[in-house]
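The values are calculated or read from the model by the stated rules, or taken from the named source; none is laboratory data. Here the structure is a predicted model, which is why all the values come from computation and not from measurement. Glycine gets a Cβ as well: all are built from the backbone with ideal geometry, and neighbour counts include every protein chain shown.
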Amino acid sequence: MLFGTTVEFNIIPFCIGMTALVILFVISFKKESIFKPSKKIQPRSLLTKTEIKYFYMIRTILPSKYHLCPQVSFNAIITSKDIAIRNTFNRKYCDFTICDSNFKALAVIEIDDRSHNDLKVKQSDAYRDKILKEAGLLTIRFLDTATKYEVEKVIRNNF
């Protein structure tokens, strides 16, 4: 006798089977609620069509020792002990971040459409570029009409 009595031997497989059924039931119930968006909140694409185009373009140009990360929070790549300063950038994101093999941020890439011609947007862009420069990060800006040749030239000159 493996577990001492025949009754114990039969109860253990029964308990294991029932536990497995409960787990399967919970998983199947959760799948529906996880993958079915509510009316209040729906998933969306991480990148716009333009950003997707430039992501693949830059990724093919960038040497393989670097990583290209999309939609990175400024909080993930820069910081400040001064909370007032941190509050000026903690809700900002960049289109792409170029990182080294240890995922240390080296540069930020922004794809600018015509909305960046607006004075307030230009001022916001200038502030973003300033704080990234203070943190020692390069900011590269491309117009959303930049050609692969133009992008390649800038990427190759910097990486």
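Of all the numbered requirements in (1) surrounded by 12 or more Cβ atoms within 10 Å (Cβ to Cβ); (2) assigned to a helix (DSSP H, G or I); (3) free of Cβ contacts under 8 Å to residues at least 60 places away in the same chain, residue 157 misses one, and that requirement is (1).
A quick yes/no check of all residues on (1) in contact with a strand residue (DSSP E or B) (Cβ under 7 Å, 6 or more places away or on another chain); (2) touching a residue at least 60 places away in the same chain (Cβ under 8 Å); (3) assigned by TED's automatic domain parsing to the domain that holds residue 56; (4) within 21 Å of residue 60 (Cβ to Cβ):
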site	(1), (2), (3), (4)
95	yes, no, yes, yes
98	yes, yes, yes, yes
113	no, yes, yes, no
127	no, no, yes, no
138	yes, no, yes, yes
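For region 36-51, the set of residues classified as part of a helix (DSSP H, G or I) and farther than 21 Å from residue 129 by Cβ consists of 49 only.
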